[in-house]
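The values are calculated or read from the model by the stated rules, or taken from the named source; none is laboratory data. This is a predicted model, so every value here is computed, not measured. Reconstructed Cβ throughout: ideal geometry from the backbone, glycine too, with neighbour counts over all protein chains shown. All accessible areas refer to the heavy atoms of the entire protein, side chains included, with ligands and DNA or RNA removed. Shrake-Rupley method; radii C 1.70, N 1.55, O 1.52, S 1.80 Å.
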Amino acid sequence: SISACNEPGTDAGSLQTEQHARSMMRERFLRCLLSMANKQIQFDMYERVKVNATFGASDIDVLNFQVSDLQTPIGVQSEALIRCQDVISYSFDM
Amino acid sequence: MNTTSAWRQRTPRDWERYVNKQVHVTAHGQQQHRGWLHTVDPVTASVVLVRLGDAAGGCSVSVVMGHAVEQVEVVGEADEETAMRLSSLFRPKEREARAGGGGGE
């Protein structure tokens, strides 16, 4: 899923600029994920489902979130994996 | 309209132009999100938005998954102080201690 700059005429300089942009943004994103550990997160999912859970970890491709105490409409699941493709957005307070 | 994939297929340099901008993000189902754009994950195109509180205090963070982003609209620019706060937001503690020592104003 990683897109590279394939435009004709791409030189080493612009490739470096792109790599710099990519690494800066990825680092910010990973630090954001790190700061979510053990926080209460609200997930907005498809079909208007909203659930709360304590965030644990994400896999490196951000395909799944591992959470604890997932509060679902039919009860609390003590440990769960959330498929990221089912999530529209999530939010938390710092 | 295929706007969702349009956002995911942008290049890192396109996304970088939105960093530290105040944006309005429309997600799947007409969900609206507003805040300062902290970053875009270059792998998943997910957008991290921050709503800053008081100078000292907390903030709330929303992340819109890249696959659900339909539209991103810039509504404002960050001043220097806001940009600084945004870039130091999730930094490790040691830098925070160094930066937080003298802040009187």
Using a 1.4 Å probe on the heavy atoms of the protein chains only, list every residue of region A:48-94 that has 40 Å² or more less accessible area in the complete assembly than in its chain alone. A:I88, A:S89, A:Y90, A:F92, A:M94
Report the accessible surface area buried between chains A and B, summing both sides, using a 1.4 Å probe on protein heavy atoms only, in Å² rounded to the nearest 100. 3100
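At a 10 angstrom cut-off on C-beta neighbours, averaged per residue, how do the peptides B:39-47, B:12-20 rank from highest to lowest?
Numbers: B:39-47: 24.1, B:12-20: 18.1.
In decreasing order of mean packing, B:39-47, B:12-20 become B:39-47, B:12-20.
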Return the whole-Å distance between the Cα centroid of region B:59-74 and the Cα centroid of region A:47-94. 17
Return, ordered by residue number, the residues of region B:16-34 whose backbone nitrogen is under 19 Å from a label point located 7 Å along Cα→Cβ of B:R91. B:19-21
Both in Å, the radius of gyration and Dmax of the C-alpha trace of chain A are 17.2, 57
Once both labels are modelled 7 Å past Cα along the beta-carbon direction, what's the A:V76-A:L34 spacing in nm? 3.0
How well do other chains shield peptide B:41-51, expressed as the mean number of their Cβ atoms within 10 Å of each residue Cβ? 6
Can you list the residues in region A:13-35 whose accessible area drops by at least 30 Å² when all protein chains are present, compared with the chain alone? Use a 1.4 Å probe, heavy atoms only. A:E18, A:A21, A:R22, A:M24, A:M25, A:R26, A:R28, A:F29, A:R31, A:C32
Would you look at the GNM of chain A, springs on alpha carbons closer than 10 Å, and say which of A:L33, A:L15, A:L81 moves the most? A:L15
